[in-house]
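The values are calculated or read from the model by the stated rules, or taken from the named source; none is laboratory data. Owing to the predicted nature of the structure, the values given are computational and were not obtained by experimental measurement. When we count neighbours, we look across all protein chains shown, and the Cβ atoms used for this are built from the backbone with ideal geometry, even at glycine.
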Amino acid sequence: MSARPQPLRIAITTGEPAGVGPELTARALADAATRWPDAHFTVLGDAGLIAGRAAAAGVDWARVTAGGETGHVADAHVADAHVADAHVAVAHRALAAPAEAGKLNPANGRYVLALLDAAIDGALAGEYDAIVTAPLQKSTINDAGVPFTGHTEYLAERTHTPRVVMMLAGTGERPLRVALATTHLPLKDVAAALTMDGLVGTLSIIDRDLRERFGLAAPRILVTGLNPHAGENGYLGREEIDVIEPALECARAAGIDARGPYPADTLFQPRHLEHADCVLAMFHDQGLPVLKYATFGEGINVTLGLPIIRTSVDHGTALDLAGTGRADPGSLVAAIDTAVTMARHRRAG
């Protein structure tokens, strides 16, 4: 009889303690054993906070974590015996200060970052097959004295990855996927940030990860222009002619099916998207409004190019909903589902 395969090990950070992350985590994992039978989950956060938010949301957290004791986050890696037979275990790290739903406290900024660090370190050590991150509040971390732009940039820095790609995606058999050539930049800085080498590198990462982590044999990537009407043959800007088109030619020469540049206002139509595996937009608010309109509540964020698998929700901390039990866990469920699927693909080789 063949040996039973080892379960996938997924770490989930609960994010900003004043936000919806802790309760959404509890709700998303309420039926983890039946939804993801081949995965075990380690939830990183304050055990008391998570249990309290779970109870407020009507989740029997003791049942969900049955068989999984809580331990200090530094010791609760997947090799530990106390999580070996649990579908859901909590790696406890105490809050720096009491957390009240909906009220930010900079004293907890470093706590949030410590959870993320523990997940990253565990994944780099091979103890987690993937990490899923609940939303955090960038301002709280900065107010705690730590310069912080966002998850994507921080993951790149911590994993020593020179180039990563933010991709948001929907769900279903033919999900809309939108990747970004630039991320958290002021609009005035976008044009200068676009380079031919940078775009070729971004397209290469998208192509590779769609093949290796999403199981797509021949990904097709549609690329937007930067300017209105994709520059109108240079009359509305030359970035398409001088940067984007040469980058596409170089990518195609390397075997990447990259097409464009297309005007962004016409690209997001069914007749184009039905044959696309991913859209590459030039800047944050060019691509994400369409994606979020089409998928909000079930959309996810994936960081491509990392040596580890990382997914997240496509929304923020929703302070106004924290502690009410009314926040929708759909995006976090989808992020977990995608992380598990990606880990399966990577394990299968």
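Table: residues versus (1) surrounded by 16 or more Cβ atoms within 10 Å (Cβ to Cβ); (2) touching a Pro at 6+ places or on another chain (Cβ under 7 Å); (3) modelled with pLDDT of 95 or more.
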{"position": "Arg238", "(1), (2), (3)": "no, no, yes"}
{"position": "Arg252", "(1), (2), (3)": "no, no, yes"}
{"position": "Glu274", "(1), (2), (3)": "no, no, no"}
{"position": "Cys278", "(1), (2), (3)": "yes, yes, yes"}
{"position": "Met282", "(1), (2), (3)": "yes, no, yes"}
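Of all the numbered requirements in (1) more than 27 Å from Ala156 (Cβ to Cβ); (2) in contact with a strand residue (DSSP E or B) (Cβ under 8 Å, 6 or more places away or on another chain); (3) touching a residue at least 40 places away in the same chain (Cβ under 8 Å), Ala218 misses one, and that requirement is (3).
Quick one: in the range 292-321, of everything that is among the aliphatic types (A, V, I, L, M) and in contact with a helix residue (DSSP H, G or I) (Cβ under 7 Å, 6 or more places away or on another chain), which residue is nearest to Glu157 (Cα to Cα)? Among residues in the range 292-321 that are among the aliphatic types (A, V, I, L, M) and in contact with a helix residue (DSSP H, G or I) (Cβ under 7 Å, 6 or more places away or on another chain), the one nearest to Glu157 (Cα to Cα) is Leu306. Does Leu49 qualify as being assigned to a helix (DSSP H, G or I), touching a helix residue (DSSP H, G or I) at 6+ places or on another chain (Cβ under 6 Å), surrounded by fewer than 24 Cβ atoms within 10 Å (Cβ to Cβ) and touching a residue at least 40 places away in the same chain (Cβ under 8 Å)? Yes: the conditions hold for Leu49. Of all residues in the range 195-204, those being among the aliphatic types (A, V, I, L, M) and either outside the structural domain of Ile241 (by TED's automatic domain parsing) or surrounded by fewer than 19 Cβ atoms within 10 Å (Cβ to Cβ) (or both) number 1. In the range 91-112, the residues that are among the acidic types (Asp, Glu) form Cβ pairs under 7 Å with partners that are in a loop (DSSP other than H, G, I, E, B) and surrounded by 19 or more Cβ atoms within 10 Å (Cβ to Cβ), at six or more places apart or across chains, as follows: Glu100/Ala18. Summed over the range 295-349, residues that are surrounded by fewer than 23 Cβ atoms within 10 Å (Cβ to Cβ), in a loop (DSSP other than H, G, I, E, B) and of a type in the set (S, T, N, Q) total 1. Among the residues of the range 151-166, are any modelled with pLDDT under 95, under 23 Å from His315 (Cβ atoms), surrounded by fewer than 19 Cβ atoms within 10 Å (Cβ to Cβ) and within 18 Å of the chain's Cα centre (by Cα)? The answer is yes; a qualifying residue exists. Within the range 316-346, track down each residue that is under 16 Å from Ala57 (Cβ atoms) and of a type in the set (Asp, Glu). Scanning the range 316-346 gives Asp320, Asp328.
The residues listed here are Gly67, Gly71; of these, the one that is part of a strand (DSSP E or B) and modelled with pLDDT under 90 is Gly71.
If you go through the range 124-150 and keep only what is within 25 Å of Thr338 (Cβ to Cβ) and out of contact with any Lys or Arg (no Cβ under 8 Å at 6 or more places or on another chain), you end up with Leu124, Ala125, Gly126, Ala134, Pro135, Leu136, Gln137, Lys138.
Taking first residues from the range 318-335 that are at pLDDT 95 or above and partners that are hydroxyl-bearing (Ser, Thr, Tyr) and in a loop (DSSP other than H, G, I, E, B), the Cβ contacts under 6 Å between residues at least 6 apart in sequence or on separate chains come to Ala334/Thr171.
Here Leu115 meets each of (1) part of a helix (DSSP H, G or I); (2) in contact (Cβ under 8 Å) with a residue 12 or more places away in the chain; (3) within 30 Å of Ile244 (Cβ to Cβ) with one exception, condition (3).
Of all residues in the range 174-187, those that are crowded, with 23+ Cβ neighbours inside 10 Å have Cβ atoms under 6 Å from Cβ atoms of residues that are of a type in the set (S, T, N, Q), 6 or more apart or on another chain, in Ala181/Thr202.
Residues that are surrounded by 15 or more Cβ atoms within 10 Å (Cβ to Cβ) and either within 17 Å of Glu240 (Cβ to Cβ) or outside the structural domain of Asp207 (by TED's automatic domain parsing) (or both) within the range 260-271 comprise Gly260, Pro261, Tyr262, Pro263, Ala264, Leu267, listed in sequence order.
Applying the selection to the range 215-227, what residues are surrounded by 14 or more Cβ atoms within 10 Å (Cβ to Cβ) and either touching an Asp or Glu at 6+ places or on another chain (Cβ under 8 Å) or of a type outside the set (A, V, I, L, M, F, W, C) (or both)? Hits for the range 215-227 are Leu216, Pro219, Arg220, Ile221, Thr224, Gly225, Leu226, Asn227.
Looking across Thr34, Thr25, Thr42, one residue alone is outside any loop (DSSP other than H, G, I, E, B) and more than 21 Å from the chain's Cα centre (by Cα). It is Thr34.
Which of the residues spanning the range 307-318 are touching a strand residue (DSSP E or B) at 6+ places or on another chain (Cβ under 8 Å) and not hydroxyl-bearing (Ser, Thr, Tyr)? Across the range 307-318, the qualifying residues are Ile308, Ile309, Arg310, Val313, Asp314.
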